[in-house]
Amino acid sequence: CALPISHALPLIVALPLAAGAEARHRPQPEFCVLTTVDIDAPPETVWPHVVSFPDLPEPDDWFFRSGIACPLRARIEGAGVGAVRHCEFTTGDFVEPITAWDEPRRLAFDVREQPDPMVELSPWRHVHPPHMHDRSLASRRGEFLLVPLPGGRTRLEGRTWYTFDMHPQAYWTLWSHFSIHRIHHRVLDHVRRLAERE
């Protein structure tokens, strides 16, 4: 028995709408980027430079000069769980409430506020494209682990958990992972230089 067209029409209209609603409300996958650096200093020496650090040198590579948000310095208000770390970038501050303070082993934080991921390159002023302001890339939390190594050395691990809502994700997450690794490397190398200088 065939379904009359008058009964099938609502189903035909409802199916694409339901699919669109499902896509709009599906949970976003969370990604994690891990970057490591080995430091010729013990964890006790490295720790203070992880919690906060002075100005980084001017970037000398094309990546940050192209407008990608570049880390400048980090400062902290308070100490222990509940303190608030501010990681200052060229586009604004990441505001990071501390969720784990295990000196000198682990520092973890949530991301309460974050700046734009880049300065849009455009000949027109005050351009506000949606992908810059709708938090397509949203950092959720981060963590530093300080792993003791033989000989009084430290392996410093930096992790960022984030969600990303640009499609196709298989393509765009290659770029987001690459970008976060570059940011991590800039910070971790700065911490390494500061700790080894001591």
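The values are calculated or read from the model by the stated rules, or taken from the named source; none is laboratory data. Here the structure is a predicted model, which means the values were calculated and not measured. Because the Cβ atoms are built from the backbone with ideal geometry, glycine has one as well, and the counts that use them run over all protein chains shown. Accessible surface is based on the protein model in full, side chains and every heavy atom, while ligands, DNA and RNA are left aside. Shrake-Rupley method; radii C 1.70, N 1.55, O 1.52, S 1.80 Å.
From the list Cys70, Cys87, the lone residue that is in contact with an Asp or Glu (Cβ under 7 Å, 6 or more places away or on another chain) and open to solvent by less than 30 Å² (accessible area, probe 1.4 Å) is Cys87. Checking each residue in the range 162-186 for being without any contact (Cβ under 8 Å) to a residue 24 or more places away in the chain and assigned to a helix (DSSP H, G or I) picks out Ala170, Tyr171, Trp172, Leu174, Trp175, Phe178.
Checked against the criteria, Arg75 counts as touching a Ser or Thr at 6+ places or on another chain (Cβ under 9 Å), of a type in the set (D, E, K, R) and open to solvent by 10 Å² or more (accessible area, probe 1.4 Å).
Residue under question is Ala195, and the condition is that it be under 24 Å from Pro59 (Cα atoms) and either at pLDDT 95 or above or aliphatic (A, V, I, L, M) (or both); does it hold?
Values: under 24 Å from Pro59 (Cα atoms): yes; either at pLDDT 95 or above or aliphatic (A, V, I, L, M) (or both): yes.
For Ala195, the condition - under 24 Å from Pro59 (Cα atoms) and either at pLDDT 95 or above or aliphatic (A, V, I, L, M) (or both) - is met.
If you filter the range 162-188 down to residues that are of a type in the set (Phe, Trp, Tyr) and open to solvent by 50 Å² or more (accessible area, probe 1.4 Å), you find that the one that is modelled with the lowest pLDDT is Trp172.
Of these, Gly152, Gly142, Gly158, which one is open to solvent by less than 80 Å² (accessible area, probe 1.4 Å), touching a residue at least 40 places away in the same chain (Cβ under 8 Å), on the phi > 0 side of the Ramachandran plot and not charged (D, E, K, R)?
Gly152
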